[in-house]
Amino acid sequence: MSGLKILITNNTLAGRAGSEMYLRDTAVELLKRGHTPIAYSTVLGEVALELQSANITVIDDLKNLSLAPDLIHGQQHLELMTALLYFPETPAIQFIHNATSWYEKPIHFPRILRYVAVDRACRDLLLAHDIPEPQIRVLLNFVDLARFRPRREPLSLQPKRALLFSNYANEETHLPAVREACARAQIQLDVVGSQTKTISRPEEILGDYDLVFAKAKSALEAMAVGAAVVLCDYAGSGPMVTTANFAALRPLNFGRRTLTGPLEAEALLKEIKRYDPEESLRVSQMVRASAGHEPVIDELNSLYEEVISEFKENGNGEKLLEDRAAAGYLRQLRIDFAANANAASRLRKRVESVPLLGKIGVKLARALARQI
């Protein structure tokens, strides 16, 4: 099949976060292959402008789409369910990018024919929510190797410059621990991310650093360029990526499940001491050999065709089943909203009740509550 209209949903197209970048990169590649990707979100911003500059249609209201899409590529369940109800004769695939966020939960609906997990943790989440295994696919995150090219100069024999590459880096999360570790190792540290300094083209700066602290797609991009990478984010610290642990870390997408260490300078220093320019070069070669975007887009294209063909063969689902699935979804949504509101309220009260924490504690409570 060619020339498919693919509606890709996301909760926002504003900040440069993981699923937003996945949508952008995927839409650009689909357009190159002759498809018509359409991006939908009610929150538009920088990423929406990037998509529009790449000649990709962006909408914030489904009534602005005159023709029904051939398939819905759904990211985050609120936007996915909105699209399913608006286009009652279109099949869908649900993508899970985060195994811990409530808005990434899988939903049961007759026209969602496949579920895609971007790592092993997301696959486990799907199985835990009783998604049949034959309906699950795993497509690991990818890197645009044409954008993230190998660095021009070899790494320094000893790390001189480091980058903390994270949207969650601030004084209340993991920035202080990384800063202390770099200071003790006499390494200059820069920080980029939505809470510090936003950059639209990270491929232009990653080659300037010997060492990068990051996780998930950001870590993968840094490895593709050739930097030594220590896995780290607000959830904890992880190892320096090496050829020895690459095979174990890759199915986890170098993500949250790899961050099992404490957010302490001592733990990070231990990993910094494993710095080895030749080893980092070998890791970069492994990434470039196994994590390029072409094979993933090939699989994605085949999956689109598989779902559309299956839907045409089996016909639309019964309206009664869809109505009951929608009712079940709304019931669960109400439960989730109440649970999240109660958890956020308890967290704020608990932290604000400790006088010693002061303003920093209040900021931390609010930051954590936003992640619930």
Query raised in the report: With the chain treated as a Gaussian network of Cα nodes joined by springs under 10 Å, which of ILE38, ILE199, ILE112 yields the largest mean-square fluctuation?
Result: ILE199
Query raised in the report: For segment 69-199, taking Cα atoms only, what is the radius of gyration to one decimal and the Dmax to the nearest whole Å?
Result: 20.3, 60
Query raised in the report: So, in nm, how far is label LEU320 from label LEU157 when the simple model puts each one 7 Å beyond its Cα toward the Cβ?
Result: 7.8 nm
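I need ILE272, ILE205 ordered by Cβ neighbour count within 10 Å, fewest first.
On the way: ILE272 21, ILE205 14.
Listed from fewest to most nearby Cβ atoms, that is ILE205, ILE272.
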Requested in this report: Round to the nearest 10 and give me the degree value, 0 to 90, for the angle of helix 319-352's Cα axis relative to the longest principal axis of the chain.
Outcome: 30 degrees
Query raised in the report: Hey, in the GNM for the chain with a 10 angstrom Cα cutoff, which one of GLU221, GLU322, GLU153 fluctuates hardest?
Result: GLU153
Query raised in the report: Between the helical axis of 175-184 and the dominant principal axis of the chain, each derived from Cα atoms, what acute angle in degrees is found, rounded to the nearest 10?
Result: 30 degrees
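Taking only C-alpha pairs under 8 Å that are 6+ residues apart, what is the relative contact order of the chain in percent?
Taking the mean separation of contacting Cα pairs over the length of the chain, I get 13 percent.
Multiply the residue gap between ILE199 and GLU89 by 0.36 nm, knock off their C-alpha separation, and tell me the result in nm, one decimal place.
Numbers: separation 110, 0.36 × 110 = 39.60 nm, distance 3.99 nm.
So the chain would gain 35.6 nm between ILE199 and GLU89.
Can you say what percent of the DSSP beta bridges in segment 161-290, counting only those with both residues inside, are antiparallel? Round to 5.
Numbers: 4 of 16 bridges.
Taking every DSSP beta bridge within segment 161-290, about 25 percent pair in antiparallel fashion.
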Query raised in the report: Pairing the Cα long axis of helix 18-32 with the longest principal axis of the chain, what angle in degrees results, from 0 to 90 and rounded to the nearest 10?
Result: 60 degrees
Query raised in the report: All other residues with a Cβ under 15 Å from the Cβ of GLU266 taken together, and with Lys, Arg as +1 and Asp, Glu as -1, what is their net charge?
Result: +2
Report task. Rank the residues LYS319, LYS217 as a footprinting-exposure proxy: fewest other Cβ atoms within 10 Å of their Cβ go first. Result -> LYS319, LYS217
Query raised in the report: Which whole-percent values make up P(r) of the chain when all C-alpha to C-alpha distances are grouped in 10 Å steps starting at zero?
Result: 5, 22, 31, 25, 13, 3, 0
Query raised in the report: Using a ≥ b ≥ c from the Cα gyration tensor of segment 1-140 (square roots of the eigenvalues), is it rounded, prolate or oblate, where a/c under 1.5 gives rounded and otherwise the larger of a/b and b/c decides, a/b for prolate?
Result: prolate
Report summary line: Note: segment 161-290 at 20 °C, 1.002 mPa s; Kirkwood Rh on alpha carbon pairs; Stokes-Einstein D in µm²/s works out to 151 µm²/s
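Tell me, what is the FRET efficiency for GLN135 and GLN285 to the nearest 0.05, using R0 = 35 angstrom and their Cβ-Cβ distance as r?
Values: r = 35 Å, r/R0 = 1.00.
Result of the calculation: an efficiency of 0.50.
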Query - Label point distance in nm, ARG184-ALA247, each placed 7 Å from Cα along Cα→Cβ - result: 3.3 nm
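Restricting to the chain, what percent of DSSP beta bridges are antiparallel, rounded to 5? Numbers along the way, then the final one.
Values: 4 of 42 bridges.
Antiparallel bridges make up about 10 percent of those DSSP assigns within the chain.
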Query raised in the report: Which order do SER41, SER302 fall in if you start with the one that has the fewest other Cβ atoms within 10 Å?
Result: SER302, SER41
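Read the figures in this text as sums done on the coordinates, not as results from a lab. Bear in mind that the values here come from a model prediction, so they are computed numbers and not experimental data. Here Cβ is always computed from backbone atoms with ideal geometry, including for glycine, and neighbour counts include all displayed protein chains.
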